[in-house]
Amino acid sequence: VQLTLCYHRIDDSSHPVNESSVSAKQFDSHLRTLRRFFEIVDLQELKVHSRKPRVAITFDDGYHDNLVAAEILEKFQVPATFFLSTYFIEKQIPYYWDLLSILESKDLLSKMTNQLYALPRYLRSDTKGITAKEVTRAISVLRKEDRIMAINKLDQLTGTLITARELVSLGKPMKVEDAKQIATSQLLHIAAHTETHPSLGEDLVESDLSTEIQVSINKISQWSKKQNVDFALPFGTELDWTGRTVSILDATGIKRIWTTEAKKIDKSHSNVLPRLVVGNWKSDELVRQIARTFVRSQLK
Ligand SMILES: [Zn+2]
């Protein structure tokens, strides 16, 4: 029995806590509990036969606060993989969904959306009541150059609209040096999660699909000085990949493609794999969720 867990942020600030943020204290307690019930292994050791059920730990996006997780993981001598969206890390620009959710919480979203010219016209003309989720989706399927334009404009406009305190609570990406540092660890790995975090489903143009994947894999290999064989799909639902996505990833030498769905994935793609997205749960809740996922998805 095996399962891969997907974390995002290690965040102790309370405003505005992302639903997939876990506090440092909680993460520490998760590891203590996981060690009692499971063998915590590297992604490549998951499938190795063992008596004790196995779990692997992953982090998506590349938040700066993942360095806190790295420290805790080292303390417990537990392996983990960090999936990084390289554009945000290189440019030190906040992730667009975080900027959008902060604007939403301040009721500034519709005002802002009107100024993002790269967005489809229907989103600009009728933005009353629009949600951060909808705009995130729209940006995630733009052409790469338009997404980059939207992300930069969003960053620039948000900077003038939110307070310094809100800016601090906004999850920053780690730096390239941080990523390289993590990769020097015996236990910790970095892996690709595209450049600008698009949805890799049927709406994305094929040339963007290839560059988003290839460029991020090249960068990660360069930063880690290792071959990159794991890849996490941005957003990771069934809308966010197709057979075309899998073919391109296969051709680049990726061996395991990770989703964010805790269920059995389409059998015709045996290298597309489930993960359980972890919330800020107490440890007993985490164990309960893992057990439920084992049963529900028959991931044996
Ligand atoms: Zn992501």
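The values are calculated or read from the model by the stated rules, or taken from the named source; none is laboratory data. Everything quoted here is computed from the prediction, not taken from an experiment. For the accessible areas, the whole protein counts, side chains as well, though only heavy atoms, and no ligand, DNA or RNA atoms are used. Shrake-Rupley method; radii C 1.70, N 1.55, O 1.52, S 1.80 Å.
For the reader, a short list of remarks on this structure follows.
- With 10 Å bins beginning at zero, the pair-distance distribution over Cα atoms of segment 163-228 amounts to 19, 37, 29, 15, 0 %.
- Solvent-accessible area per residue in the chain equals 46 Å², computed with a 1.4 angstrom probe and all protein chains kept.
- Averaging the sequence gap over all C-alpha pairs within less than 8 Å and six or more residues apart, then dividing by the number of residues, gives the chain a relative contact order of 22 percent.
- The value given for segment 94-147 is a Kirkwood hydrodynamic radius of 11.0 Å, derived from the mean inverse Cα-Cα separation.
- Accessible surface of segment 70-171 [probe 1.4 Å, protein heavy atoms]: carbon and sulfur percent: 51 percent
- Shape class of segment 70-188 from the Cα gyration tensor (axes a ≥ b ≥ c, square roots of the eigenvalues): prolate, since a/c reaches 1.5 or more and a/b is larger than b/c.
- Acute angle (nearest 10 degrees) that the helix 144-161 long axis makes with the longest principal axis of the chain, alpha-carbon atoms: 80 degrees
- Distance histogram for segment 219-300 (every C-alpha pair counted, 10 angstrom bins, percent rounded to whole numbers): 16, 41, 30, 13, 0
- For the chain, the longest principal axis of the Cα atoms and the long axis of helix 96-105 meet at an angle of about 70 degrees.
- Of all DSSP beta bridges confined to the chain, the antiparallel ones make up roughly 5%.
- Stretching SER270 away from THR33 to a fully extended chain increases their span by 82.3 nm, per 0.36 nm per residue minus the current alpha-carbon distance.
- Ranking by accessible area, most exposed first, for MET149, MET112 with a 1.4 Å probe: MET149, MET112
- Three-way shape label, segment 115-247, alpha-carbon gyration tensor, a/c 1.5: oblate
- Semi-axis lengths, Å, the chain, gyration tensor of Cα atoms, sqrt of 5 times eigenvalues: 30, 22, 19
- 19 Å Cα-Cα threshold exceeded, pairs from LYS91/LYS133; LYS75/LYS175; LYS75/LYS219; LYS25/LYS75: LYS91/LYS133; LYS75/LYS175; LYS75/LYS219
- Stokes-Einstein D for segment 1-148, Kirkwood Rh over Cα pairs, 25 °C, 0.890 mPa s (µm²/s): 139 µm²/s
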